[in-house]
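Inspection log for the structure reproduced underneath, given as structure tokens.
The values are calculated or read from the model by the stated rules, or taken from the named source; none is laboratory data. What you see is a predicted model, and the numbers here were worked out from it, not measured in a lab. Please note: Cβ atoms are built from the backbone with ideal geometry, for glycine as well, and neighbour counts cover all protein chains shown.
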Amino acid sequence: MSQVIMLSGIGGKHLKDALLAALRETKPGFVGIASAFVSTTGVEYISNILSRCGSPRCLLIAGTDKAITHPEALYSARRLGWDTRLGKAPLGIFHPKMLIAGHEFSDPGVIQKLCCLYVGSSNLTAGGLHNNIECGLVAKEQECPETATAAFSQLWTSAKPASDDELRNYAARFAEAARRRKPTELEDLGIGDSQSAPASQADFLLVRPPAQPAVAKDFATTAWAGVQSYTGEYRFQLEFPKAAGAVISKLLQLKSAQNSDVDVYCTEDGSTWIMKYRFYDDNGMFRLNIPNDFPGVAWARANRDGIAVIDKGPQGGAPLRLQFLQPGSDVNDIIKRSAALGTWGKTATRAFGWY
């Protein structure tokens, strides 16, 4: 049959496999996708599918309502050469899930001579394409309703082109929303897009970091690193791997960090400390030299546990704020937030992250 109602995520069936089979069989020249939510993994899945069926030209309309679509997924789509637009509803939210494929194309967003169609509940995410139980119509060749052409074209013309300014504004809005949300909310919304997100510092060392985070370092305001390893006796020399260090440098508005003296506010005693901050080319690490009498250092030295967190200092004061956090609910929230956003990495001994 050329038209079926498909259940995916159950009985060993997944939408990404069905789309691959249909597109390889029909070999379209053009593919249009409209999705309420788009993730980095979703773009990766579709990119792999398209490369295996002749690399047709792709048009993507991604919903941006509720700040759930990953901004980094949209940047990836543009780098892949996809024509990308942003869907936003004047009332309610932009919520379609549709894939249309055909052999001819004409502006504006008109894909003709249809050969494949999907309309259903699946978003362009790992959940929608692989993990979740979803339901939708898959049609091929003459079974594709001709009205699909006009429907996609109408969605395309009503969406905004994903210009540099539009993407940057959305990325900033997404990052701000992610910082306000509880880690459980990020997980419930599927923003993490991961099948095995780490839940503790120890878990980070057992799994591979995601290929691409949901939040780029340019839009982060907080960096953290485990204190399981450090150097220095006179000063507690804490290293921040390059990704986390780049967030700190942005907060400091530094183009480089070669022996910079920086003011750091301490939440615990309400005072400002002068610390040395530097980037080391030999190991690609940023290092913050923290005085031994800074609150929390003695415990970190003795226990080699917990995390150090750096974020923006108080308005009008020191540019950085530093806290040492011992294991507990605060640390768990920070770890789960980075895990949900894919904004983390690891060394041989400890994890680090940003958001």
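Observations, loosely collected:
- Filter result for ASP333 (modelled with pLDDT of 95 or more and of a type in the set (Asp, Glu)): no
- Qualifying residue in segment 112-127 (condition: in a helix (DSSP H, G or I), among the small types (Gly, Ala, Ser) and under 28 Å from ALA339 (Cα atoms)): yes
- Put simply, of SER153, SER200, SER196 the only residue that is hydroxyl-bearing (Ser, Thr, Tyr) and either in contact with a Gly (Cβ under 6 Å, 6 or more places away or on another chain) or at pLDDT 95 or above (or both) is SER153.
- Looking across segment 171-213, the residues that are of a type in the set (A, V, I, L, M), farther than 11 Å from ALA67 by Cα and part of a loop (DSSP other than H, G, I, E, B) come down to ALA197, ALA199, LEU205, LEU206, VAL207, ALA211.
- Verdict on ALA300 being closer than 26 Å to ALA214 by Cα, in the same structural domain as GLY232 (by TED's automatic domain parsing) and at pLDDT 95 or above: no
- Here the strands (runs of 3 or more DSSP E) wholly within segment 25-91 that include at least 1 residues being basic (Lys, Arg), crowded, with 20+ Cβ neighbours inside 10 Å and at pLDDT 95 or above are 83-87.
- Taking the criterion of being among the β-branched types (Val, Ile, Thr) and closer than 14 Å to GLU239 by Cα, the residues of segment 298-355 that qualify are ILE307, VAL309, ILE310, THR347, THR349.
- Residues within segment 68-101 that are more than 23 Å from GLU134 (Cβ to Cβ) and more than 24 Å from the chain's Cα centre (by Cα), tallied: 2
- Number of the condition not met by ALA223 [criteria: (1) in a helix (DSSP H, G or I); (2) at pLDDT 95 or above; (3) closer than 28 Å to ASP311 by Cβ]: (1)
- Of the strands (runs of 3 or more DSSP E) that lie entirely inside segment 248-355, those containing 1 or more residues that are in contact with a Cys (Cβ under 7 Å, 6 or more places away or on another chain), without any contact (Cβ under 8 Å) to a residue 60 or more places away in the chain and surrounded by 14 or more Cβ atoms within 10 Å (Cβ to Cβ) span 272-280, 320-325.
- Among the residues examined, ASP164 qualifies as within 23 Å of THR84 (Cα to Cα), surrounded by fewer than 15 Cβ atoms within 10 Å (Cβ to Cβ) and not assigned by TED's automatic domain parsing to the domain that holds ASP311.
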